[in-house]
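Inspection log for the structure reproduced underneath, given as C-alpha cells.
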Amino acid sequence: MPMLPIDPQRVDETGLPWAFLSDSARVEDVAPGRFIVVGQPDDPLLARVVDVVPEGTDHIVHVEILGPVADAERAIHVA
C-alpha cells in the first residue's frame, strides 16, 4: 500500500488533509477512491484518496483519514 507523508492536521480550503503527489514513493498507486497509508512510519494512518488535482508542475492529493492502520488491521482479523 502506498505511503504518503501527510500531516493530518494540515488542511486546506476543502477541509481535507493534503500533500503533493510527488511526495509519494509510489505515485502510480495514488488515485481517487484508493486506500493509502498516510502520516509517518511511526504513526501510520489509513486514508482514502478523495481527489488528485493539478497544482503547478505537481498535483495535490486530498485524503479522508479513516483511522490508525492498526485499528483497520484488527477489524479485518475480526471480520
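Read the figures in this text as sums done on the coordinates, not as results from a lab. Computed from a predicted model, the values in this text were never measured in an experiment.
When the chain is modelled as a GNM with alpha-carbon springs shorter than 10 Å, which of Ala31, Ala19, Ala47 fluctuates the most? Ranking Ala31, Ala19, Ala47 by mean-square fluctuation puts Ala31 first. For the stretch 19-30, backbone phi angles converted through the Karplus equation (6.51, -1.76, 1.60; θ = phi - 60°) give residue-by-residue couplings of 7, 7, 4, 5, 7, 7, 6, 10, 3, 5, 9, 9 Hz, Gly and Pro being listed as x. Note on the chain: with a GNM built from Cα contacts shorter than 10 Å, the maximum mean-square fluctuation among Val53, Val30, Val61 falls on Val53.
Between the helical axis of 69-78 and the longest alpha-carbon principal axis of the chain there is an angle of about 40 degrees. Here the Karplus curve 6.51 cos²θ - 1.76 cosθ + 1.60, taken at θ = phi - 60°, turns the phi angles of the stretch 3-11 into couplings of 10, 10, x, 10, 7, x, 8, 8, 10 Hz, with x standing for Gly and Pro. For the stretch 3-78, what is the percent of antiparallel DSSP beta bridges, rounded to the nearest 5? Counting only bridges with both partners in the stretch 3-78, antiparallel ones make up about 90 percent.
Taking amide H atoms as placed 1.01 Å from N in the peptide plane, the amide H of Asp51 lies under 5 Å from those of His62, each 5 or more residues away in sequence or on another chain. Note on the chain: semi-axes of the ellipsoid equivalent to its C-alpha gyration tensor, largest first and rounded to whole Å, are 22, 13, 11.
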